[in-house]
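The values are calculated or read from the model by the stated rules, or taken from the named source; none is laboratory data. Being a predicted model, the structure only gives us computed values, none of them experimental. Cβ placement follows ideal geometry from the backbone for every residue including glycine, while neighbour counts extend to all protein chains displayed.
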Amino acid sequence: MTQETRIIENTWDLTAYQWKIESDALDLYVKGLKDKKILGRKCHKCGTVYVPGPTYCRKCFIDIDKVVEVAQEGVLDAFTVNIADVKGNLIEHPYITCTVKLDGTHSFLMGILEGWTDWRSVKEGMRIKVVWKDVTQGALADLSHFQLI
Ligand SMILES: [Zn+2]
């Protein structure tokens, strides 16, 4: 079976793509972290909530500027159990990196998962909550980790 190759000639307006779009999302996200809040943006047309929140909706391709504070609980989306270092040597204390989906949002955050004793018992869909560092500084590290609840 051969695959058809289609050539579509057109002109792309690359001025619409600017790094500022994503840096605005990160700036807003980090600003919220300092106050132990998770801020995103919600599309007024389709209702999609992004965290971190870009200034445009990736579904509707329209500008969005409605800032929303989202829940600090959600579900475990996916995870990886880290049992070895980069050279393949087993590590003494395995740890889990994960993606979570906070309640009411439509995007994912990454972090470290704690609150488990046997990684074999960790399952996708388990409830999690955000755990903050005691002192926040307006940095990505202010969100210490996600905790199973
Ligand atoms: Zn939208």
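For the reader, a short list of remarks on this structure follows.
- Number of positions in the range 114-131 that are in a loop (DSSP other than H, G, I, E, B) and in contact (Cβ under 8 Å) with a residue 24 or more places away in the chain: 7
- Residue match in the range 81-98 (condition: in contact (Cβ under 8 Å) with a residue 12 or more places away in the chain, of a type outside the set (Asp, Glu) and either under 22 Å from Leu26 (Cβ atoms) or within 16 Å of the ligand (Cβ to nearest atom) (or both)): yes
- Residues (touching a Phe, Trp or Tyr at 6+ places or on another chain (Cβ under 9 Å) and at pLDDT below 95) located in the range 122-149: Leu140
- Checklist (1) of a type in the set (Gly, Ala, Ser); (2) within 16 Å of the ligand (Cβ to nearest atom); (3) over 22 Å from Lys31 (Cα atoms) applied to Ser121, failing item: (2)
- Neighbours by Cβ (under 7 Å, 6+ apart or cross-chain): first from the range 40-67, near the ligand (Cβ under 7 Å from one of its atoms) and of a type in the set (Ser, Thr, Tyr); second at pLDDT 90 or above and assigned to a loop (DSSP other than H, G, I, E, B): Thr48/Cys57; Thr48/Lys59; Thr48/His106
- Among (1) part of a loop (DSSP other than H, G, I, E, B); (2) surrounded by 15 or more Cβ atoms within 10 Å (Cβ to Cβ) - the single one Thr99 does not satisfy: (1)
- In the range 20-34, residue nearest to the ligand (Cβ to nearest atom) [restricted to those that are closer than 20 Å to Lys133 by Cβ and touching a Gly at 6+ places or on another chain (Cβ under 9 Å)]: Leu28
- Check on Val131, closer than 19 Å to Glu69 by Cα, touching a His at 6+ places or on another chain (Cβ under 8 Å), surrounded by 14 or more Cβ atoms within 10 Å (Cβ to Cβ) and not acidic (Asp, Glu): yes
- Filtered residue count, the range 105-135, keeping only those that are closer than 20 Å to Asn82 by Cα and of a type outside the set (Phe, Trp, Tyr): 17
- Count of residues meeting criterion [within 25 Å of Ala139 (Cα to Cα) and surrounded by 13 or more Cβ atoms within 10 Å (Cβ to Cβ)] in the range 58-67: 2
- Condition met for Lys123 (of a type in the set (Lys, Arg), surrounded by 11 or more Cβ atoms within 10 Å (Cβ to Cβ) and either touching a helix residue (DSSP H, G or I) at 6+ places or on another chain (Cβ under 9 Å) or not assigned by TED's automatic domain parsing to the domain that holds Ala25 (or both)): no
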